[in-house]
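Undergrad: Could you have a look at this structure, given as structure tokens, before my questions?
Values quoted throughout were computed directly from the atomic coordinates according to the rules given, and no laboratory measurement underlies them. Computed from a predicted model, the values in this text were never measured in an experiment. Backbone-built Cβ (ideal geometry, glycine too); neighbour counts: all protein chains shown.
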Amino acid sequence: MMPGVQRQKALWRLVLLGVAVLGSVTAARAGGQMTFGDNTNTSANDGPPFFGFVRDTDGAAVGDARVTATVKSGGAVVTTSNSIGVYKVAGFAKSINPDDIAISCAKDGYKQANVVRRPNGSGDLKDPIEVDCVLQKE
Amino acid sequence: MRRPRCVVAAIALVFACIQAEPSLAQTLTGTVSSVAEGAMEGVLVSAQKVGAPITVTVVSDARGRFRFPDGRLSPGHYTLRIRATGYDLAGPKTVELGAGPADIAIKLTKTANLAAQLTNTEWLMSMPGTAEQKLPLMECMSCHTLQRIVRSTFNTEQFVPVLERMARYANNTIQARVQMRVAPVKINTAVVAKLAAFLATINLSNGPVWNYELKTLPRPNGRATHVVITEYDLPRPTIAPHDVRTDRDGNVWYSDFVENFLGELDPGTSALKEYPIPVLKPGFPTGSLDLEPDADGNLWLAMMFQAGLARFDMKSRTFQVFPVDGAANDNAMQQSMVMPRSDDVDGKVWTNDVARHAIMRVDLKTGKYQRIDPFQFLPKGSSHAPYGMAADAKNNLYFMDFGDENIGRIDAATGAATIFPTPTANSRPRRTMLDAQGRLWFAEFAANKLAMFDTKAETFKEWDVPTSYSYPYDVFSDKHGELWSAGMASDRVLRFDPQSGRSVEYLLPRPANIRRVFVDNSTDPVTFWAGNNHGAEILRLEPLD
């Protein structure tokens, strides 16, 4: 496995772990979603998730930044980076080409300086896609 | 034209004078005590005049004293009722109010049937099991209390057909009237089997008593006793007031979730008018859910399985209906929500297509519906469900994704959707209101939280509801910035100040299944209104501070 791919998978595991730890209290309270009806949610229908870091130009993490994943054909998902600058956007429909998803970030007092999309070295289309966002203080 | 106005004004004046006549107003005061506790705080004392549809409730203070507001009870024979978990009313059970004030000593005895007094929240607190195992019981409370489950004797095998039968009931079912869905329902047998196995561990299938301790919430104290609650009984048990709101004249309007009427209650006289909503699909479940005013103050109703929207003209007191047009109006078609607040902007009203988890909007000139799938770019098969709605000044739509964990926005001009996941996963946001500052207040039903989404900054804030397993259905931000909320589980109304974090929970006199909540900001203090969806009554709660 290529070092870049290893790094990306390790980072993704880190993000999932972070989300799990941060969300453990909530999950214990809210529990899973289960109703009488169908639960047709299946990863087979998912495209790859997006994740990444929001940092400033000095490399420091930027929390509470608004991260927007815009779909070229219309629509968007907006989320927020956590205290260590990590954001995560769950997968899009399998029919959406991941290359048609544009990531941008914003926060009061900053302007977007750069967006870095890490290459998917494995070629597996289900692998999470890392897109980092750099903000510059205004 | 002037003369009749003068006559009407004169009659109104005479009527007002009669209403204000002090000789008709009585004061009822007293104490509440028991052998076990002596003077008791937080006991709800209710008085209902025999033959009248109104019950007034006050709460005893730290010294065990209670006082009905001057002028609230007229002379007559009253039945008394109490609510204090763990106790029954020993006496007196009636009181005669005459010309002068009355002071009575109410005595309570320990109950022999604590289980009968437990709220849904207290059952959920008491029963063993994981949060995930208990979560499906949220759905049960839509039609009945958890008493029905925990008192049953079904084993796992016997529970399966019961659950499968109930899964075929329409949402607008209550115990007084079951309504079946016309469209077939696909049942997830694995989910049913898992739930059946759990339910058989918490009911009486293994013996005559529960094998777990029955836990109760504390009685109200302090600020939670400073309240007057009025219940207006509706004339039939099949009336299910779902959404309630007042108009400029102080009259109370409600949607009836089971019968096809719009209700108007005069809280001064308790006179009730019911306006029949046209039946669009005979043989399909009746009843409406969302009740919202449009830009002109006319009321709109989401017609559920009758498949369409109804506009009620407040001047002519007549309906105009907008049936879902074309082939889309199949047996599963259902509109639970309507959002006409900014229909004057573009002549369009928002609604939802429950069965297809989609948004719709109707063009009021043509009557044509447009369907928008706000989740089309998300993974297929996800459990989305557009529910509570609000519209901004440009008629852009904000909606709650009750099936999942998102707030959605649809641009009125382009139809493009933006999805904002809530900070808490699996939150299931339910009903909402948009305030003048562009803040969307909403209840996170499954997360047991109240939340705010700032539509300008696109940021969230969340607050835990103080009592676990409350499952808030809705929230209303009043003129002071305080939040009011309630739901189907705890029989309590929550008042919460998001600035200070201070909260108070007012216990209600009877089991209450509350959906939409409404606050009348024209009074000071404000007045809280809601319907008791399973109790055929309208609830008015007046805080005394």
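Undergrad: Can you give the log10 of the normalised intensity I(q)/I(0) at q = 0.07, 0.10 Å⁻¹, computed with Debye over equal Cα scatterers of the protein assembly as shown?
TA: With one equal scatterer per Cα and no solvent, log10 I(q)/I(0) is -0.51, -1.02.
Undergrad: Separate question: So how much slack lies between residue A:60 and residue A:118, counting 0.36 nm per residue of separation and subtracting their Cα-Cα distance, in nm?
TA: Between residue A:60 and residue A:118, full extension yields an extra 19.0 nm.
Undergrad: Name the residue from B:155, B:143, B:293 whose Cα lies farthest towards the positive end of the charge dipole of the protein assembly as shown, charges +1 on Cβ of Lys and Arg and -1 on Cβ of Asp and Glu.
TA: Most positive-ward Cα: B:155.
Undergrad: Let me ask something additional. For every helix of n ≥ 4 consecutive DSSP H residues, a contribution of -39,500 (n - 2.57) applies; sum these over chain B, divide by its total residues, and give [θ] at 222 nm rounded to the nearest 500 deg cm²/dmol.
TA: The helix contribution divided over chain B gives -3500 deg cm²/dmol.
Undergrad: For a quick check: sort B:269, A:80, B:216, B:424 by the number of other beta carbons within 10 angstrom, fewest at the front.
TA: Fewest-to-most ranking of B:269, A:80, B:216, B:424: B:269, B:216, A:80, B:424.
Undergrad: Please report how far the C-alpha centroid of the range B:155-181 lies from that of the range B:321-376, rounded to the nearest whole angstrom.
TA: 28 Å
Undergrad: Run the dipole for the range B:115-202 about the Cα centre, Lys and Arg Cβ at +1, Asp and Glu Cβ at -1, nothing else charged, and hand back the magnitude in debye, nearest 20.
TA: Here the range B:115-202 has a charge dipole of around 280 debye.
Undergrad: Let me ask something else. Could you give me the radius of gyration and the Dmax of the range B:115-202, taking only the C-alpha atoms into account and expressing both in angstrom?
TA: Calculated on Cα positions, Rg and Dmax stand at 13.0, 38 Å.
Undergrad: Now, a different point. Place +1 on the Cβ of every Lys and Arg and -1 on the Cβ of every Asp and Glu in the range B:30-112, take the dipole about the Cα centre, and give the residue among B:38, B:71, B:51 whose Cα lies farthest towards its positive end.
TA: B:51
Undergrad: Can I ask one more? What is the percent of Cα-Cα separations in the range B:222-543 that go past 34 Å?
TA: 17 percent
Undergrad: Per residue of the range B:513-530, in order, report the coupling 6.51 cos²θ - 1.76 cosθ + 1.60 (Karplus, θ = phi - 60°) as ³J(HN,Hα) in whole Hz, putting x for Gly and Pro.
TA: 10, 9, 10, 5, 10, 9, 10, 8, 7, 7, 9, 9, x, 5, 10, 9, 10, 7
Undergrad: Got the relative contact order for chain B handy, in percent, Cα pairs under 8 Å and 6 or more residues apart?
TA: 11 percent
Undergrad: Would you please classify the overall shape of the range B:320-381 from the alpha carbon gyration tensor, given that a ≥ b ≥ c denote the square roots of the eigenvalues, rounded means a/c under 1.5, and beyond that prolate means a/b larger than b/c while oblate covers the rest?
TA: oblate
Undergrad: Would you work out which of A:104, B:174, B:205 lies farthest towards the positive end of the dipole of the protein assembly as shown? Charges go on Cβ: Lys and Arg +1, Asp and Glu -1.
TA: Most positive-ward Cα: B:205.
Undergrad: For the range B:224-234, what does the Karplus curve 6.51 cos²θ - 1.76 cosθ + 1.60, with θ = phi - 60°, yield as ³J(HN,Hα) per residue in whole Hz, taken in order and with x for Gly and Pro?
TA: With the stated coefficients, the range B:224-234 comes to 5, 9, 8, 7, 10, 10, 10, 10, 10, 5, 8 Hz.
Undergrad: What's the magnitude of the charge dipole for the range B:434-478 around its Cα centre, counting Lys and Arg as +1 and Asp and Glu as -1 at the beta-carbon? Answer in Debye, nearest 20.
TA: 60 debye
Undergrad: Per-residue mean of other chain beta-carbon atoms within 10 angstrom of the beta-carbon, peptide B:160-170?
TA: 1
Undergrad: With 10 angstrom as the radius, rank B:296, B:435 by how many other C-beta atoms surround their C-beta, starting from the fewest.
TA: B:296, B:435
Undergrad: First measure r as the distance between the Cβ atoms of residue B:114 and residue B:249, then evaluate 1/(1 + (r/R0)^6) with R0 = 41 Å and state the FRET efficiency to the nearest 0.05.
TA: Result of the calculation: an efficiency of 0.40.
Undergrad: Here is a further query. In the structure displayed, which of B:49/B:107; A:72/A:111; B:394/B:479; B:273/B:348; B:110/B:215; B:273/B:368 lie more than 26 Å apart, Cα to Cα?
TA: From the list (B:49/B:107; A:72/A:111; B:394/B:479; B:273/B:348; B:110/B:215; B:273/B:368), the Cα-Cα distance tops 26 Å for B:273/B:348; B:273/B:368.
Undergrad: While we're looking at this one, here's another question. Most exposed first by the Cβ proxy, i.e. fewest other Cβ within 10 Å, how do A:126, B:186 rank?
TA: Going from least to most buried by this count: B:186, A:126.
Undergrad: Show the residues, 5+ positions off or on another chain, whose built amide H is closer than 5 Å to the amide H of residue B:353.
TA: B:358, B:359, B:360
Undergrad: What do you get for Rg/Rh of chain B when both radii come from the Cα atoms and Rh is the Kirkwood radius?
TA: Rg/Rh for chain B comes to 0.97.
Undergrad: About its Cα centre, what dipole magnitude does the protein assembly as shown give when the only charges are +1 on Lys and Arg Cβ and -1 on Asp and Glu Cβ, stated in debye to the nearest 20?
TA: Result for the protein assembly as shown is approximately 620 debye, rounded to the nearest 20.
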